[in-house]
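See below for the structure under consideration.
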Amino acid sequence: MLFAFILIPLLAAIAIFAGAPARKTALSAALLNILGAGYAASTWNCSCWNTGFQVLENPDIKLSLGLTGIGSVMLILSVIVTLAAVYSGKCPEGREKIWFASTMLIAAGAIGAFLSTDVFFYYAFHELALIPTFLMIGILGSGNRKAAAWKITIYLALGSIVLLAGLILAMNQMPSWSFTDLTAAPKHQNEIALLLIIGFGTLVSLFPFHSWAAAAYASAPAPVAMLHAGVLKKFGLYGLLVIGMKVAPEGMAHWLPWICILLLGNIIWVGLVTLNQKRLDLMLGNSSVMHMGYIFLAVAALAANENNSIAEPAAILLMFAHGISIALLFSLASMIERKTSTMEITQLGGLAKTAPALAFLFGLAGMASIGLPGLANFAGEVMVFFAGFADWKDANGQINMGWVQWTTIIALWGVVISAVYMLRAFRRVFQGPLVKSTETATDISICDKIPAYLLAATLLLVGFYPQIILQFINIK
Amino acid sequence: MQPHLIEFITVGLGILLLLLEAFTDGSKTRIGLIAAAGLAGILILELTACGNCTTPAWMERFYDYDSYARYFKVIALAATILVLLMSVDMKRVLSRYTSGDDSGTALGEFFCLPVFTCAGLMWMASARDLVSIFVALELVTIAFYVMVAYMRRNVGSLEAGVKYLILGALSTGFLVYGIAWVYGATGTMDLSAIDLTKPEINQTRLLFGLALLLIAFGFKVGAAPMQLWIPDVYQGAPTPVTAYLSVASKAAGFVVMMMVLEPFLMADSPVKTQLQTALYIIAGATLLYGNLAAISQENFKRLLAYSSIAHAGFLLMGIGSIDFTSVAFYLGIYLIMTFTAFFILALVRDQENSDTIDAFDGLGKRNPLLASCLTISMAALAGIPLTAGFWGKFFIFKSAIETNVSWWLIAIAFVSVATGFYYYLKVVKAMYWNNPHNDAPLKVPTITKYVIAVLASSIIIFGIWPQPILDMLK
């Protein structure tokens, strides 16, 4: 059954290549998937969803799919962002085939990865997105698209190859490649953890392996930026939580100081870089890199103490919230560019007067991204900070501040940084007097509103009622 | 049926075709089709008649038939059939440089020689004795000397022929000399009878002989530093022959290498460590050379030549970690993905009269299906998951990490894979990012069309489900 979620976008992509009406096919595939995912998520606990067959006997590898709690959350995220991505952006005349087919292929890869219950196919499905991304940015990107396309491709290829080394080293010690057989590796835990941190870290744009991300997102067509920043990037974090923590808990604890330093690099360093951006798309790209640091903080909290009960739910909730909010921001940014034909913040101004709906939605998404209460990211960030500070007292009630606690204290300043850049960008783009580029801008059409309201509503819903996501995760 | 009879039938087919060739006038493409059909029949015979083949007692000393032998025979037959089909579809270019016009009257031998090569390859897969290995290898190599230089009105082809002849002869010299030393040290030509525990075996002599053998095999498979001939010969040779060289000749080199080195890589061998170290060093150098030199190539055929060196590096790593199943598997899928690329290259070469990467500009617009097949092939060569090429590298890496080969080598190999992404995607880039130089749609000949479709889809099928190939090796 679960194969349908992968096959629908995959077949849609093939059909589009074969000549089916591109936009309609992609839309119906995305809608079909969202309906299916709603049903699947409501019954995720049922083992009837597990399916698969053996593709290799030695090593024992199965093409098996199943629904786990975290997997369900990521499935919902994937299908929502996919639907919004199909609606978003403006496809250049005559390039519909490659535009929508690539979007569908990337979506299929992401969904396949999150549904896999076998480490091999979890890894393999992720790479399905590699070539479509390369083509989309290279052909239809903006700005310095060729350099950006090469950069993201080489970085992701290198990252996934390091990751593969780590996975092979770990899985050689397991009875099979299935998720259910994952246990702490008896040997080489430090090496495994290091390789996984670098490998998954590169895919998540962990500092200092992050420099591909902002440039690629800024250059990528809207659907690719949305799917990549919103969904695919979560692949690495999901992997660290689901595989890394299982196979190398001691190794992860061993590298804890490094994880803490690097994640502060994301939050503070990249945060300051974001402050300095002059282009809206680069600012959003960098802010998405910065926010990865918070999720890493939850991973660090889990690495420091495996029994930290809120670290994992916090990470999942923030992954979901960030995915929705960044997808919404990229979608809106592409609308701003279409209306005003510029992304330079200094050349924009007063857009709220000519495009109030756009301004409202961007404000909402921006507030969500900086963690305003009532929106999904707030719930996630608060939980992350609680998780980070959870063990500040030891069993005897003595104050015992470790790496994670100090990191949390410094990381909190990131909230201030994001508030500064997001509010400043909002003021410069939407408020003040009208300028040349915004005078003739029109408000967004109903077609643009559909994906934006879909994502905005999700942000509000999860913000007020985070349990809707947390119900999928067992809080110990 | 006795397995060696199939090889006799193959040689017989070759002789028959030569006779037939002498008595036909006009275009000789028919000979190519008959040869391909004949070999297809032999392939079916190989797959069906030999379920429980046994070798007669008088042959046992130098001939053995097992699942590996059968697997490599299937590879040899499949490669030869594909080469013949490619030659038939590429007859215009071949004819232009042989008879000087489009008549195709001088192509008769070109369609017969691969059949003899195939017989040599098949025999080699079963040979279990240094002498019979040598004879089979020479049968293959001598036919190749002719085929490489076959386009006699083309300077490039002649140059390639001379280079290949001289270096091939040199490597043969090394091979014979090495065999002599190994025989001197172990006292036997029979590989299964080599007993390394005997006290009288002189390690220095044995190692010297093995070093000579490694050099000879290095020439055959294109391992650094014996790889220098590869780019020039590959570029100059007729495209089908290049494909044949890069798949069958390489596979032959590796088959022989595995067979000859196997007794010396056993756990009780006194020279195991030294031999493995040598293999690691050669593998590392080959990986670095092949991948780094490929980066700057602008000619697709040359790019594939460097890529074949790079793949030899991975295969050598597999031999170094004594995982012959993975090497055999890799060679099988290497056939599929390389032939996909070469079929498309031959087609573009025929119609654009150029084999640079520029010639592929805008192929995505001119012929989307062809472009997506080439994309699949490039993705497989680069080793992107869900293509068959990934499994090849995966198995090699897995056994390398399992057997704890040097961490340096593993690191080099992983960097090589990442480099590969760059130069293989350069072709994909040309096809989709760039605009075509002319908008005329490419004509795809019927045979090429079906062969490419079958090969490209099998890359995907084996990419998800590799077990069938491994089952052949059980």
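The values are calculated or read from the model by the stated rules, or taken from the named source; none is laboratory data. Given the structure is predicted, the values throughout are model-derived calculations rather than measurements. Heads up, the Cβs are rebuilt from the backbone with ideal geometry, glycines too, and the neighbour counts pull from every protein chain shown.
Residue selection: A:Ala13 satisfies the criterion of being part of a helix (DSSP H, G or I), in contact (Cβ under 8 Å) with a residue 60 or more places away in the chain and not polar (S, T, N, Q). Among the conditions (1) of a type outside the set (A, V, I, L, M); (2) within 13 Å of another protein chain (Cβ to nearest Cβ); (3) closer than 27 Å to A:Leu128 by Cβ, the only one that B:Gly313 does not satisfy is (2). Of the residues examined, B:Thr197 is not one that is farther than 19 Å from B:Ala346 by Cα, out of contact with any strand residue (DSSP E or B) (no Cβ under 8 Å at 6 or more places or on another chain) and without any contact (Cβ under 8 Å) to a residue 12 or more places away in the chain.
Of the residues making up the stretch A:87-99, those that are of a type in the set (Lys, Arg) and away from chain B (no Cβ under 13 Å) number 1. Taking the conditions (1) surrounded by 15 or more Cβ atoms within 10 Å (Cβ to Cβ); (2) among the small types (Gly, Ala, Ser); (3) farther than 30 Å from A:Leu263 by Cα in turn, A:Ala387 satisfies each one other than (3).
Checked against the criteria, A:Thr133 does not count as part of a helix (DSSP H, G or I), within 10 Å of chain B (Cβ to nearest Cβ) and hydroxyl-bearing (Ser, Thr, Tyr).
Quick check: anything in the stretch A:172-192 over 20 Å from the mean Cα position of the chain (by Cα), over 29 Å from A:Ala13 (Cα atoms), surrounded by 24 or more Cβ atoms within 10 Å (Cβ to Cβ) and not hydrophobic (A, V, I, L, M, F, W, C)? No: zero hits. Tell me which residues, restricted to the stretch B:437-452, are among the hydrophobic types (A, V, I, L, M, F, W, C), closer than 28 Å to B:Gly392 by Cα and either within 14 Å of another protein chain (Cβ to nearest Cβ) or buried (at least 18 other Cβ atoms within 10 Å of the Cβ) (or both). Listed by number, the residues that qualify are B:Val451, B:Ile452.
For the stretch A:78-86, state whether one or more residues are within 14 Å of chain B (Cβ to nearest Cβ) and not hydrophobic (A, V, I, L, M, F, W, C). Checked against the condition, which is being within 14 Å of chain B (Cβ to nearest Cβ) and not hydrophobic (A, V, I, L, M, F, W, C), the stretch A:78-86 yields no hits at all. The residues of the stretch A:141-150 that are among the aliphatic types (A, V, I, L, M) and more than 10 Å from every other protein chain (Cβ to nearest Cβ), listed by number, are A:Ala147, A:Ala148. Report whether or not A:Leu227 is in a loop (DSSP other than H, G, I, E, B), among the aliphatic types (A, V, I, L, M) and over 16 Å from A:Gly251 (Cα atoms). For A:Leu227, the condition - in a loop (DSSP other than H, G, I, E, B), among the aliphatic types (A, V, I, L, M) and over 16 Å from A:Gly251 (Cα atoms) - is not met. So for the stretch B:318-325 (the condition being farther than 19 Å from B:Ile469 by Cβ and either touching a Phe, Trp or Tyr at 6+ places or on another chain (Cβ under 6 Å) or more than 14 Å from every other protein chain (Cβ to nearest Cβ) (or both)), does at least one residue qualify? There is at least one residue in the stretch B:318-325 that is farther than 19 Å from B:Ile469 by Cβ and either touching a Phe, Trp or Tyr at 6+ places or on another chain (Cβ under 6 Å) or more than 14 Å from every other protein chain (Cβ to nearest Cβ) (or both).
Evaluation of B:Ala78 against the conditions (1) surrounded by fewer than 23 Cβ atoms within 10 Å (Cβ to Cβ); (2) outside any helix (DSSP H, G or I) shows that the sole unmet condition is (2).
Scanning the stretch B:149-161 finds no residues that are surrounded by fewer than 22 Cβ atoms within 10 Å (Cβ to Cβ) and among the aromatic types (Phe, Trp, Tyr). The single residue among B:Ser99, B:Ser126 that is surrounded by fewer than 23 Cβ atoms within 10 Å (Cβ to Cβ) and not hydrophobic (A, V, I, L, M, F, W, C) turns out to be B:Ser99.
Quick check, is B:Leu107 over 22 Å from B:Ile75 (Cβ atoms) and buried (at least 16 other Cβ atoms within 10 Å of the Cβ)? So B:Leu107 passes the test. Name the residue, out of A:Ile197, A:Ile161, A:Ile168, that is assigned to a helix (DSSP H, G or I), at pLDDT 90 or above and away from chain B (no Cβ under 11 Å). Step by step, each of A:Ile197, A:Ile161, A:Ile168 is checked, and only A:Ile197 is assigned to a helix (DSSP H, G or I), at pLDDT 90 or above and away from chain B (no Cβ under 11 Å).
Out of all the residues in the stretch A:341-362, is one or more surrounded by fewer than 21 Cβ atoms within 10 Å (Cβ to Cβ), free of Cβ contacts under 8 Å to residues at least 40 places away in the same chain and in a helix (DSSP H, G or I)? Taking every residue of the stretch A:341-362 in turn, at least one turns out to be surrounded by fewer than 21 Cβ atoms within 10 Å (Cβ to Cβ), free of Cβ contacts under 8 Å to residues at least 40 places away in the same chain and in a helix (DSSP H, G or I). If you filter the stretch A:101-134 down to residues that are under 16 Å from A:Gly71 (Cβ atoms) and of a type in the set (Ser, Thr, Tyr), you find that the one that is surrounded by the most Cβ atoms within 10 Å (Cβ to Cβ) is A:Ser116. Of the helices (runs of 4 or more DSSP H) lying entirely inside the stretch B:193-296, those carrying at least 1 residues that are surrounded by fewer than 23 Cβ atoms within 10 Å (Cβ to Cβ) are B:203-221, B:229-236, B:250-261, B:272-294. Are any of the residues in the stretch B:427-436 away from chain A (no Cβ under 13 Å) and part of a helix (DSSP H, G or I)? Scanning the stretch B:427-436 turns up no residue that is away from chain A (no Cβ under 13 Å) and part of a helix (DSSP H, G or I). Can you work out which of the residues in the stretch B:379-433 that are among the polar types (S, T, N, Q) and buried (at least 24 other Cβ atoms within 10 Å of the Cβ) is nearest to A:Ile98 (Cα to Cα)? Per the stated criteria, the residue is B:Thr387. In the set B:Ala400, B:Ala359, only one residue is aliphatic (A, V, I, L, M) and closer than 23 Å to B:Val417 by Cα; that residue is B:Ala400. Residues being assigned to a helix (DSSP H, G or I), within 11 Å of chain B (Cβ to nearest Cβ) and in contact (Cβ under 8 Å) with a residue 24 or more places away in the chain are represented in the stretch A:180-191 by at least one member.
Once the stretch A:5-29 is narrowed to residues that are within 14 Å of another protein chain (Cβ to nearest Cβ), of a type in the set (Val, Ile, Thr) and surrounded by 19 or more Cβ atoms within 10 Å (Cβ to Cβ), the residue that is nearest to A:Pro223 (Cα to Cα) is A:Ile16.
Where helices (runs of 4 or more DSSP H) fall wholly inside the stretch A:407-476, the ranges with 1 or more residues that are loosely packed, with under 14 Cβ neighbours inside 10 Å and modelled with pLDDT of 85 or more are A:413-430, A:446-464, A:467-470.
Which residues, counting only those in the stretch A:380-406, are in a helix (DSSP H, G or I) and either modelled with pLDDT under 85 or in contact with a Leu (Cβ under 9 Å, 6 or more places away or on another chain) (or both)? Matches in the stretch A:380-406: A:Gly380, A:Glu381, A:Met383, A:Val384, A:Phe385, A:Ala387, A:Gly388, A:Trp403, A:Val404. The residues listed here are A:Leu67, A:Leu32; of these, the one that is more than 14 Å from chain B (Cβ to nearest Cβ) and part of a loop (DSSP other than H, G, I, E, B) is A:Leu67. If the condition is being within 14 Å of another protein chain (Cβ to nearest Cβ) and exposed (fewer than 15 other Cβ atoms within 10 Å of the Cβ), then the stretch A:37-64 contributes A:Phe53, A:Gln54, A:Glu57, A:Asn58.
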